[in-house]
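As structure tokens, the structure follows; a few thoughts come after it.
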Amino acid sequence: MNLVSRTLAGGAMIIIGVLLIAIPLLINHLGLLAFWIYGIPVLVIGIFLFFNKKEDKIEQIKSRGGKK
């Protein structure tokens, strides 16, 4: 993934994860555990995508061709 797609995907997943975690808190109903079950992993994956910079370095090395 390049920088733009990683930023868009990570940002969207962070926003969706926060919304899924906040919905049960906003309506004062903790019985909506399914929102948290989906919200927490989406948030974690979004944060990982947003801040993962090693992948861009790997793509640069592969595009140069490496050893011959």
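Remarks
- The set of residues from segment 1-37 being under 13 Å from the mean Cα position of the chain (by Cα) and surrounded by 14 or more Cβ atoms within 10 Å (Cβ to Cβ) comprises Met1, Arg6, Ala9, Gly10, Ala12, Met13, Ile14, Ile16, Gly17, Val18.
- Flag for Leu49 being surrounded by fewer than 10 Cβ atoms within 10 Å (Cβ to Cβ) and modelled with pLDDT of 75 or more: no
- Every pair of residues 6+ apart whose Cβ atoms lie under 9 Å, when the first sits in segment 6-29 and is of a type in the set (Ser, Thr, Tyr) while the second is part of a helix (DSSP H, G or I) and modelled with pLDDT of 85 or more: Thr7/Leu49; Thr7/Phe50
The values are calculated or read from the model by the stated rules, or taken from the named source; none is laboratory data. These numbers come from a predicted model, not from an experiment. Cβ atoms come from the backbone with ideal geometry, glycine included; neighbour counts cover every protein chain shown.
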